[in-house]
Structure formats: C-alpha cells, structure tokens
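Every read-out reported here was derived from the displayed coordinates using simple, explicitly stated rules and does not represent laboratory data. The model shown is predicted, which means the values in this text are computed figures rather than measured ones. Neighbour counts are summed over all protein chains in view; Cβ atoms, including those assigned to glycine, are modelled from backbone coordinates with ideal geometry.
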Amino acid sequence: MPRIGVFICWCGTNIAGTVEIEQVVNAARSFPGVVYAGDYRYLCSEVGQKLIKDTIKKENLERVVVGTCSPRMHEVTFRKAVAEAGLNPYLLEVANLREHCSWVHKDPAEATPKAIALVRAAVSKASLDEPLTALMLDVEKRALVIGGGIAGIQAALDIADSGYTVDLVEKEPSIGGRMAQLEKTFPTLDCAACILTPKMVEVAQHPNINLLTYSEVEAVSGFVGQFDVRIRSRARSIDPSKCTGCGICYEKCPAKVPSEFDMELGKRKVIYVPFPQAVPNIPVIDRENCLYFKRGRCRICEKECPAEAIDFEQQDEIIERRYGVILVATGFDSMDLTGYGEYGYGQHPDVLSALQFERLFNASGPTAGQVVRLSNGRPPQRVVFIQCVGSRDIARGQNYCSKICCMFTSKQAILLKEKLPETEAYIFYIDLRTAGKGYEEFQRRAAEEYGVIYLRGSVGKVFPEGERLLVRGVDSLSGRPLEIEADLVVLAAASVPRRDAPELARLMSINSDRYNFFDEAHPKLRPVETHTAGIFIAGACQAPKDIPEAVAQAGAAAAKAVTLLSKEKLQSEACVAKVDPARCSGCLHCEAVCPYGAIAATETEERVRGELLTRTVAEVNPALCQGCGCCTMTCRSGSVTLQGYTDEQMLAEVDALCLQR
Amino acid sequence: MIFSESYHRFIDELKKNTGQDPNQCYQCAKCSAGCPVVAAMDLLPHQVIRYLQLGLLGELEESRTPWICASCFTCAARCPRDLDLARLMEGVRLAVLRLREGNRLSPADLELTPEQLEKLPAQALVSSFRKYAK
Amino acid sequence: MHYRYFPGCTLKTQAKEMEDTALAAASALGIELQELPEWQCCGAVFPLSDDELITLLSPVRTLAAAGGEPLVSLCAACHHVLKRAQEVIKRNPDTREKVTDFLEVDYAGEGRVLHFLEVLRDDLGFDRLKEQVSHPLAGRKIAAYYGCLLLRPAKEMQFDDPENPTIMEDLLRSLGAEVVSTAYRTECCGAYLSVTEEKVATATAEKIVHSARRAGAEALITACPLCRYNLENIGGPALPVYYFSELLAEALGVAALKEVARG
C-alpha cells in the first residue's frame, strides 16, 4: 500500500461553509494507506501548494489526494506542485468537494458525509495510481483558416504577420464574406468596401498567405499540432496563370442566373466574379448552369478570351496538408423567412430582407445604387422596417437576440434618408439594443437628426393593396393600432449559422449549441477556443456579432493559434488507452468507434502449444489518443484500458462510495 | 399592482386551465398588431397580458376586450413567445362569468329582427351563448 | 371512397345549399358520404379552457360514433371543433379518460378527421377533379376566403399554410375559374360578434369584401355559413358569396340537374 497524503481545502467559505472540514480530515486519517491528513484555507495559494510540497517530502508521500474545487479549475496547479516535489504528476487525485458537494448542498449534515465519501473514493483510486508519462509531439508550423469573411481575413493576416504560413480556405469564388455585401457600416458610416478591400488585397499579396478560394474542407483527422486536412479546390475552369482579369468572358457570356451576392435580386453571368473588387479577380464557370456543361454547346467565353485562359477540362484539385492549428470563421446566414407568411416575403417584390435592401444602395448592386421599388422601379415614398423577424421568437424562429439588427436597421434608415430625404422611414422595434461604442448616439441621430420614426411594437400583417403595401401594426407606447401605406417593407432577418455548419462541426469534432453555432470551450475564460485542442473559432459562426467584435475575436483567436504554433513541442495526453494484446480478440470494434483515428490493427506473435502463431490485435497510437475512453466501453474482452482510469481504479472508487457509513 | 394571495390563486388557476403563463410575454404587441377587432377594444390584447402580469384584475373584469375577442386565433398563430392569447382570453371570460355568477347574454338581450334571426346561422347563436353565458 | 359524414346544425337549416351541392358533387365524383346516425351539434366553439369538459362531450361522442373511419364535415366550424377535440383526446390522457368514461365510449383519437376540401385535395386530387369538370368556370373572377377556423391553430388543424394557404385557389383553378388574390382572405370575418357586436363584425367583413372587390373579384367563396352571413351583411357595395361546394357542383354540372329535379 503506497503512502497517501490527503489535503482538504476550505476554499474560504465555499467548501468550509457547508462541509465540516475537521470531520473530513479525521475520517481521512482512518482510510487505508493514509499517513497524513490536513487542511488549509486556500490550498491553491502559494502557501497551500508549499504545504503539499513540504508534506510530500516530510512524510515521504507516494500518492496525493486533494479535496478541492473541480479538477477543471486546479488539477493542473496541483499536478505541478506534486511534480515539483518529485512525484509523478499523475499520482495526484482530486476529490471535487465544491461543485459536486458544497455548492449543491445546504445542510452540513448531508454535505459532510458526502465529502467524506468522495475523499474515500479518491483515496481508493489513488492507491492504484501508476506513474504516467506524456509524449512530446511536433508542431506543424502552418495554420488553416476556414472562411474568408472579415473574421477569417483578420485572423489569417495576424497569423501570417507573426511569421507562420496560413492557408485561407473560402467556399465562394472570392473572399470578403458578408461584409463585402454591405454598403456602409455602423456607427461610423464607413463605406464597407473602402475598409475591407485593402485587407482583401493584403491577403492576396501576403507572402505567408496561401489563398484557396472556391475550395472546401472535406476531411480532418489528427490532433493539435498535427491536423491532417483534405481540401477540395473546385475547378474554376480557368487557368489562373493565364487569366488577366479583363472581364471580356463575363461580358460575352449569354447565360444569366440569380446572383447570390445580390441576395437573388439581380442576375449574374454563368462565368463570373461575384463583385468588382473580388479577390482573386479570376472568374469561375458555374458548371451547373453553364450552357456548355449542360448542353455541350456555347464556349463563347473560350472564343472571346484573349488570354486563352478558359479550361473546360480543368479538374478539382485535392490538397492534403498538415496543419498545427485550425481556425474556423465561417460566418452566418440571413434566416430564411418563408415561415413568416404574414409579411409577404417571397410573395411580394417590395418586401425585402435587410441584406437584400442593403444591396439596393450599392453602386454595383442590382439597381446600380438606385433605391427603388422592385415592383415598379420607382423610388419609395415610405419604407417600413420590421425588426426581430425570426429573432427572439421561440415559436417560429430563434430564441436568441441577433444583436446586430437594431443597429443595421438604424443604419439603413439613415442611408435611406441620405439618399431620399423626402422618404419617410418607420422602424417597428420591440426593444432597442444599442450597447456598443457610439451605438446609442447613432440611433439617436437617426431619430433626432434624420427624423426616422421609431414605433415600439410589432406588425401583424402586410396587406398588398393595389400598388402599395398596407402595413397593419401597433404602437404599444401610445396603445394605438396603426395602418401605414408603405412602398417597401424591410425585414431584419435573424442571423443564423451557415447551413453547412453542422457538417463542418462533425468533420472537426467540435461542439455546437442548439442553434448550430460553434461552442467556445468556456463562455467567459476561453471564448475563442473549442473543446478540441488546437481548433479556434472567430466571428459570427460562434454567435451573431458585428464587425468590430468579429475582428477583435479574430485577433484573439489568431493570438491563441500563434501561441501554439510558437511551441517547439506539445505535450500529449498522458491518460491514453492501452491494449493488452494477450486478451485482445482482434475484433477491432474499438477502431470503429475511435473518434481520433488512434487505433489500428497490428500483428502479434504468440506461442500456442509450442507453436509460434501470428494474430491480429488492436493497437493504440498514444500520440493520437485523447483519452476519451470510447474504446474501453466497446471492448468485449475488456482488454483496452484507459490509463489513469483503469477498470480496477473505477471499481475501487465505486466500492469506496458504496461503503456503509 | 396587487400581488396578493388571491392574485396568485387566480393566476395559478388561469395557468392550469389555459396552459399559458402570462409571464412568458415580453410585450412585443404582435397580438395587438394583428388583431382584426382591436379597434373595438378598450384594452389592447397585449395590454390584457400586461394587466395579468401586473395583477390589475379589477380593471380586466371591467374591460370590454375579452368580450370583443372572437377567438380567431390570429394572435396565437404569430406570437413569438408561443403564447396562446385566445386561451388566456377564454380564461379571463370564464373567470368573470364564474365570479359574477351571471351571464353576459340572455335571449332577451338579442336585438335581432325576426328576419335577421331567420338568416342568422345557428352556429352564431350557439357560439355566442357558449362564449357569453354559462 | 367511403367516409362518415357529419353535417352539423347549420347545414340542415340556413346553409342547406352547402350540403345539397356538396352531396351532389360528392356523388358525381364517386365520394360516398354516409351521414352519422343521430348526430348532435358539435358545440360550435372549441372549449379553450381545460376545465371545460362538458363541452367536449358532444364532439367526442361524434368522433367515437365514426368508429375509426374517416370523418368528413363541410362546415369549417364543425370541422374545427371535431379536429381539435380529437387532438385533445390524443394528447391528454387525463381528459380522455374522464370524457370517455362519462360517455361510456371507447375512443383514443383514432380515425382521420377531414374537411371535405381535404378529401378533394388529398384523396381525390385536384388533377383528377379537373378531369371531371364539364362546365368550367371560365372567365369567372373568384376570390377565396378562408377565415380562421380551417387554418388556425395550424399545428392542430394541419390544413394548409396558415398565412398563405392555397387549397381553395387550387380548387378554383381546377374548376377553371380565374383566381383573384385578396389580401384579407385569412382575416376573421367577425364571427359570432354579429350577434352581440354587430358593428364590429360588419367592419371586419367590409374590409374583406371591399378588398376583394378592389382586387377585381366578382364573387367570394367560403366554407363557413357564419362567414358567408357576415360577408353578405355589410354596408356599401357587396359581392356575391358562395359556398365552395356551390361552384364545385356547378362546374361538375350537377347543380343544374339538382335544380331541375327539385323544380
């Protein structure tokens, strides 16, 4: 029996307020193997750590049990302390007396016996602890950034500026993302393109950035420091080394389809660049709609191209590459509003989503910058904006507030007033949320300087009546039902994750919330990390956010990524699975369930009745194993063990917990 | 505002019978915005919920609004809080009818000409007496 | 195609023409509607408070009487009450036990509860209906009026898109009519307020009719006798209001026959 020391922490009154510390210490002294039991007010303090270190030496301790807060908080602290005293750090066990005990009980008569039981369990487990050693693994000095919106662009630039190579993967033919679709930005009314395009150009020119547009991530394996990623770079049908970006091809292309960039309001050619400032300025042929690919005839672009850059035979390129870190910045979609039939979206051409309305202001947009009704091409005399369409709606939409709509609606109303000063603007809002530097002032300017009329309430229904739209709503402050004859109705659609976000989360084994926004590792303290080490998130793929927030988060995620990349070696997980080849039947069910690809078949030799036989068994690669334990539960013969959490240790804990008081 | 014991009894009963919790409402007033008969109401539909939240039961008892509500379910169809205001209105009507032990409509109240009465669909009369009398 | 059929009170009194034309059309289409024996009033309004059990008895008795066979009604209000009563029985075991014990019936929510329009759309199919149209309503500009009870609450009624329904327009198109779209087709007509608050009912009905007229409609169709009553009793220029079944029978050429037979 190893010599075990037990240290109980008061955590101020957090534990000591509910748990009778003295009783726990006294009880611990009687547990098998315990040669020392003591307590301290704050065990995590330097004094507390010193107490542990000194006692290890003085009492010649071989195992240490601490009864403290959750191991998620301070396991690392205490492992370090134990190691500094010369013990293997994995000879430490944490009994969670705070989150699992004192915080969930009020009555010391209940909490104290439970604390004793938890310590007894930890002691039982500790007596079976074995020293473990982590591997030191290489770090591939290359980063992958997924998503070329403002967050992805910023993150790529920051990582690249730190001297590391970055591959920036963007699904669309150009980087720029949602921000590229905007005319102006709140609360400064900067022209979005004027502040975004310099960054796009910087990406294109940066020696450390390898831009992969029209490309998607198809597979991810490996682990922090060594992610192996397969990327499909779709065929543009254009040879980028020849293309000069002259634009003759799309001028001459005879086929048109609705433009995604203009939110389906305008048309684009089938060979196209999504917008004039696109980076790279190399067109793509949309093969689904191309007359040649559909019907085998046309090839006008090929005839017209002076650089002979058109290549109908071009194949998708598969890129397989290793990365040390991955940063995900896939952004957001505007919610599909077909479930809101009362507003007539999709039924009437003058009912638009906010992102569609934004495109009307843009000189290269569907109306060449003219703010007009799409039904008749005339400027609107009255525009009604409706906020919270799909946001804060537990029945038909999203439970959350989309955060940016109050501000972009005020911005659009101001833009409208600047373009058409005589046009009336009404905004139906439920609550005005303007938390942000200069935001409240901006909204007040809209109301006070521009005369935008804010109506606190909702719209029940939009009735197309003759040429106009009769908006029936209510102003709840005056308690008056209202009917407004409008020419345009603009809906502030909720921000939702990209449609393919769940698929990407699955590829990368990162968590998502109930809405499919990617989950951060800790809502306060680890806001840009995911639960998968080495994968970071930034921008609106995590939750709705505006440009300054997305940029700040991108910078933070880049800093985290660079911190990892700057390390020569990374310590691997020490608590990894291990196969006992003598008992393994070679069924390889473990291989099938392993989320990290850490298990593979191998051959083992054994002597049966004097004969040397070769047999297939499973083998764990300790560099890949993350210690999740799926394999141990799948194994029928019980031949896979998770080191640090062996069956014997678990059962010893259970036995200790089940002991009569 | 009266959050007395009787208020809590009333609200608990209302919640139980209608399956709706007035505190779920954040006063967006979408119900009032879409209500086809709102013009005839003294309290707007969202105000009825507000009065329930604030315990202004005496005022609700005096209001015309629950009796104007025609149970068209438009409010419930669009409520972002998934509240069925039509049910809450029914709960208020029933509470008033039971409290007063009197009906709001009796055959003598009908101001219909014999000609109208002949044309009026049976369902209209049955519905009215079901809604306004117990 | 065989269905049990629940007419409801109004169809035997003020709305006879709805029943007559629907039955004539049904038989022409090979749809057999077998009237339930000894049926009674559905209760006209669905009880919205869960402690109102007495008023559930009548619709549940009707549902049980259908014996699990598909049960069809023509009146929107009857269909609404029957459909939602069935939902209560399906979803609330406590209520089910009380009500069925009292009625001494064995009913757990089985059987489809259908409006006749759903039979035409889902069981017969508007395409097949179109083939049987002998007197298409060519050039007739008709607007559909849905009202409330067929559509809402959508989760329970499962009838059509509650804000942008199409079933009546699809019917009109299959009958060869020119469909006029009207903004107020799903707004309430005022319902039974015509008994106690006539002005309120008139005001709501007027909005519906005037909007349809402005949109170019020459007539409206409805599936509810009370809607029809309200839409007809307005101030200002009115529009003819028909039951959907009247135009259906006319297009099938069975209305004329019926009139001859009656005459």
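In whole angstrom, how far apart do the alpha carbon centroids of the stretch A:360-435 and the stretch C:1-70 sit? Answer, in whole Å: 48. Within chain B, the cysteines lacking any other cysteine Cβ closer than 4.7 Å to their own Cβ are B:Cys25, B:Cys28, B:Cys35, B:Cys69, B:Cys79. Put in line by how crowded their Cβ is, counting other Cβ atoms within 10 Å and starting with the fewest, B:Met41, C:Met18 read B:Met41, C:Met18.
The mean count of C-beta atoms from other chains within 10 Å of the C-beta of residues in A:372-379, rounded to a whole number, is 0. Measuring nothing but how far apart in sequence close Cα pairs (under 8 Å, 6+ apart) lie, relative to its length, chain A scores a relative contact order of 13 percent.
For C:Gly253, the residues whose amide H sits under 5 Å from its own are C:Ser134, C:His135, ignoring neighbours fewer than 5 places away on the same chain, with H placed 1.01 Å from N. Taking a ≥ b ≥ c as the square roots of the eigenvalues of the Cα gyration tensor, the stretch B:1-110 is classed as oblate, since a/c reaches at least 1.5 and a/b does not exceed b/c. Using C-alpha pairs below 8 Å separated by at least 6 residues, the relative contact order for chain B is 24 percent. Under a 5 Å amide H cut-off, with hydrogens placed 1.01 Å from N, C:Arg140 pairs with C:Glu178 among residues at least 5 apart or on other chains. The ranking of C:Leu48, A:Leu157 from fewest to most other beta carbons within 10 Å of each one's beta carbon is A:Leu157, C:Leu48.
Per residue, the average separation of C-alpha pairs within less than 8 Å and at least 6 apart gives chain C a relative contact order of 20 percent. Charges were assigned to the Cβ only: +1 to each Lys and Arg, -1 to each Asp and Glu. The resulting dipole of chain A about its Cα centre is roughly 380 debye. Tell me, how many Å apart are the Cα centres for the stretch A:281-351 and for the stretch A:540-599? With the stretch A:281-351 and the stretch A:540-599 each reduced to a Cα centre, they are spaced 32 Å. Annotation: the residues A:Met1, A:Met263, A:Met200, C:Met1, sorted from fewest to most other C-beta atoms within 10 Å of their own C-beta, follow the order A:Met1, C:Met1, A:Met263, A:Met200. Between the exposed loop cleavage positions of chain B, defined as chymotrypsin sites (Phe, Trp or Tyr not before Pro) in a non-H, G, I, E, B DSSP state with at most 15 neighbouring beta-carbon atoms within 10 angstrom, the longest gap is B:27-134. Assuming charge only on the beta carbon of Lys and Arg (+1) and of Asp and Glu (-1), the dipole of the stretch B:5-102 about its Cα centre is about 240 debye to the nearest 20. Would you mind classifying chain C by shape? Square roots of the alpha carbon gyration tensor eigenvalues, ordered a ≥ b ≥ c; an a/c under 1.5 is rounded, otherwise it is prolate if a/b is larger than b/c and oblate if not. Here chain C falls in the oblate category. Between the stretch A:436-509 and the stretch A:522-538, the alpha-carbon centres lie 32 Å apart.
Let me have the 222 nm mean residue ellipticity of the protein assembly as shown computed from DSSP H runs of 4+ only, each contributing -39500 (n - 2.57), with the sum over all residues rounded to the nearest 500. That calculation yields -10500 deg cm²/dmol at 222 nm.
Amide H contacts of A:Lys184 (H built 1.01 Å from N, in plane; Pro and chain starts excluded): A:Ala192 sit under 5 Å, all sequence-distant by 5 or more or on other chains. Seen against the Cα atoms of chain A and their longest principal axis, helix A:647-658 is set at about 80 degrees. Put a plus charge on the Cβ of each Lys and Arg, a minus charge on the Cβ of each Asp and Glu, and nothing anywhere else: the dipole of chain C about its Cα centre is then about 640 debye.
Here the Karplus curve 6.51 cos²θ - 1.76 cosθ + 1.60, taken at θ = phi - 60°, turns the phi angles of the stretch A:483-488 into couplings of 10, 10, 7, 10, 9, 9 Hz, with x standing for Gly and Pro. Label separation (A:Lys524 vs A:Cys194): 4.1 nm, computed from points 7 Å beyond Cα along the C-beta direction. Inter-chain Cβ neighbour count for B:75-88, averaged per residue, equals 5 (cutoff 10 Å, partner chain atoms only).
Of A:Val325, A:Gln398, A:Ala121, which is farthest along the charge dipole of chain A in the positive direction, counting Lys and Arg as +1 and Asp and Glu as -1 at C-beta? Result: A:Gln398, furthest along the dipole toward the positive end. Shape class of the stretch C:133-262 from the alpha-carbon gyration tensor: prolate, with a/c at 1.5 or above and a/b greater than b/c.
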